[in-house]
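Report on the structure given below.
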Protein chains: 2
Amino acid sequence: MISVNVAVIGMGLIGGSLLRALATAGHWVIGYDLDPATRAMARTGAAQAPKESRWQVAPSIADAVVAADLVVVATPLTAVSPVLDQMAGAGFAGLVTDVVSVKEPVRELVARRLRAGGMRLAAYVGGHPLAGRETAGFAATDPALFHGSAWVLCLEQETNLDDWLTLARVVTGLGARVVPTTAEQHDRVVAAVSHVPHLLAAALATAVADPLAATLAAGSFRDGTRVAATAPELIASMCGGNAGPVLDALDEVLGRLDEARDALDSDDPIGAVRRWAAPANAARTAWPRGWSAPRQIPATPEALLALGDEGGWVTAIAPDGRTVTAARPV
Amino acid sequence: MISVNVAVIGMGLIGGSLLRALATAGHWVIGYDLDPATRAMARTGAAQAPKESRWQVAPSIADAVVAADLVVVATPLTAVSPVLDQMAGAGFAGLVTDVVSVKEPVRELVARRLRAGGMRLAAYVGGHPLAGRETAGFAATDPALFHGSAWVLCLEQETNLDDWLTLARVVTGLGARVVPTTAEQHDRVVAAVSHVPHLLAAALATAVADPLAATLAAGSFRDGTRVAATAPELIASMCGGNAGPVLDALDEVLGRLDEARDALDSDDPIGAVRRWAAPANAARTAWPRGWSAPRQIPATPEALLALGDEGGWVTAIAPDGRTVTAARPV
């Protein structure tokens, strides 16, 4: 068990839950949020927490990062740029990660700043815990939110492996499963399995404007539109912030819906829809898969990225940092 | 409380649950299913049920309908035609309803048969309980399945109001809320809030063919694809059996997704997606609505259909059949 001094910038559902989870895991933690009411709520929460797992709340980003070795940027994508400005202004020179749901845009923001100078980061490792909910704000936070969740940590050409392993230790210490992949692969994949589902839910949700439709809407509508209740700002930040990959993934779904259209418009709509729906039924009933017994693999970028490509994950890092405990779906 | 002799043809999730619910409500009930294993399971279930709420299981459709006043056709759409043939062959001359998820096609099958002669039905009243699940078969049946569910009973120009009220008494006696509307309106509305959601779920479900995608898929994928686990035969029967209205509803959703595509492809994708997603968020967070205090309305076709247009429902029928207890969303 390592203990790290962590600053969490942004205390919404993800940032606030992370603050509490890190404190519970024994790290020294300090949080900041632009919203004074959120800071007040977080201070009250800290006072009510057990003494050994309290966190602090800073009045500014500069105060938050001054004693931190690691900063977690837990704001919406649109706020990342000003947060990086203020961290640079405060002279922060440690390790940075984030929990933003798109990874290439954040990586580019950091790289542009490093190229322009004025920032003295030791390293940046992009992260994304796959643990969203349709609720928001500090009041909805849960220190157990990440337990059993997948948590992407990006492993790029430029990534320092020791920094990646440090973050992987912190994240696996919260009970999450670390998935090694690149920002590019991450953005392509979450476009398909997370961002496009939000667009489909939103496209469906307005059907209940008709009062009879609102009364007859049942389980398939309820579940198919659940994430349309997500704040439009968050949907926009996810989908608009990942516009290229989301367009590609949306076009794939639109292609399948065009096939469904052709099936409905054919001479034998029942038979044609049955043939069209069969592969989807097979894919959905086979998901989620089980997973292999844990085994040790080398802690090299090649082995870790190969694991990620297979949909595998890391649950622990050996004390010497030479191997990791890995599992994969079977 | 009235007691009716009911035959239920088809003992899958809906038919089997109905058999049990009717028996629990004190009706004399007999069931039939084409599948001998289902009949055996239903017989075992009856033997294990409390004596006062047992049902019988018939070896044929003719045996099932011989002593019935009311027959409920609870088969897939594709089996309705042969079931009607056998009912006609057995000389059944009572009241018929069904629980098929599309209403115009069943209405046409019945009307064609009546025009051709050889069928001596007292009346047909189309029905649809909005109480599906992604599980299937007699093993999944639940006598409380309809409690609180909406249950459409079609009220057409040709419908005999007394027959409609008899069925409404039986259905409200199971704890369901009866929604009066026409087959045409029903098919249009369920296309949008039930059938198209199944197509969207199926179009999304194959995304997890990529192993990394299967690992990163979380809540939005799980809920957005839940009904893709429905048997392809059922999805085909619902969507293909209601092809015209489903095409119209699918085109509306495709139109909204094209707007999302334009938003993603614009100069300001985040702002454009936020504006696009806002009405969906408002619609989804306002659903489901609350409802008014119950009040008595006249049991006339005009008043009942106006109630249905407003998304309202009937929870009880006055003993004299002149008024019904109604509520509507507020």
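Since every read-out is calculated from the coordinates, none of them should be taken as a lab result. Being a predicted model, the structure only gives us computed values, none of them experimental. Cβ: placed from backbone, ideal geometry, glycine included. Neighbour counts: every protein chain shown.
In the range A:311-321, how many residues are out of contact with any strand residue (DSSP E or B) (no Cβ under 7 Å at 6 or more places or on another chain) and of a type outside the set (D, E)?
Total meeting the criteria: 2.
In the range B:223-237, which residues are part of a helix (DSSP H, G or I) and under 16 Å from B:T135 (Cβ atoms)?
Listed by number, the residues that qualify are B:R226, B:V227, B:A228, B:A229, B:P232, B:E233, B:L234, B:I235.
Among the residues of the range A:164-182, how many are over 20 Å from B:G219 (Cα atoms), within 13 Å of chain B (Cβ to nearest Cβ) and surrounded by fewer than 24 Cβ atoms within 10 Å (Cβ to Cβ)?
1
Kindly list the number of the only condition in (1) touching a helix residue (DSSP H, G or I) at 6+ places or on another chain (Cβ under 7 Å); (2) in contact (Cβ under 8 Å) with a residue 12 or more places away in the chain that fails for B:A327.
It is condition (1) that B:A327 fails.
With closer than 27 Å to A:E158 by Cβ and in contact with a helix residue (DSSP H, G or I) (Cβ under 9 Å, 6 or more places away or on another chain) as the only criterion, which of A:L34, A:L114, A:L22, A:L18 stands out?
A:L22
Looking only at the range B:1-25, count how many residues are assigned to a loop (DSSP other than H, G, I, E, B) and of a type in the set (D, E, K, R).
Count: 0.
Within the range A:204-236, can you find the residues that are buried (at least 23 other Cβ atoms within 10 Å of the Cβ) and within 17 Å of the chain's Cα centre (by Cα)?
A:V227, A:T230, A:I235, A:A236, listed by residue number.
Can you work out which of the residues in the range B:269-296 that are under 34 Å from the mean Cα position of the chain (by Cα) and more than 30 Å from B:R177 (Cβ to Cβ) is farthest from the other protein chains (Cβ to nearest Cβ)?
So the residue we want is B:W276.
Give the residues of the range A:26-57 that are in a loop (DSSP other than H, G, I, E, B), aliphatic (A, V, I, L, M) and farther than 23 Å from A:I2 by Cα, sorted by residue number.
If the condition is that a residue be in a loop (DSSP other than H, G, I, E, B), aliphatic (A, V, I, L, M) and farther than 23 Å from A:I2 by Cα, then A:L34 is the only one that fits.
Just the residues that are at the interface with another protein chain (Cβ under 7 Å from one of its Cβ atoms) and touching a residue at least 12 places away in the same chain (Cβ under 8 Å), please, taken from the range B:232-251.
The answer is B:E233, B:I235, B:S237, B:C239, B:G241, B:V246, B:L250.
Across the range B:42-79, what is the number of residues that are closer than 30 Å to B:L155 by Cβ and surrounded by fewer than 21 Cβ atoms within 10 Å (Cβ to Cβ)?
Counting residues in the range B:42-79 that are closer than 30 Å to B:L155 by Cβ and surrounded by fewer than 21 Cβ atoms within 10 Å (Cβ to Cβ) gives 6.
State the number of residues belonging to the range B:252-268 that are in a helix (DSSP H, G or I) and either more than 7 Å from chain A (Cβ to nearest Cβ) or more than 40 Å from the chain's Cα centre (by Cα) (or both).
6
Could you check how many residues of the range A:126-162 are under 23 Å from A:R39 (Cβ atoms) and among the hydroxyl-bearing types (S, T, Y)?
Residues meeting the conditions: 2.
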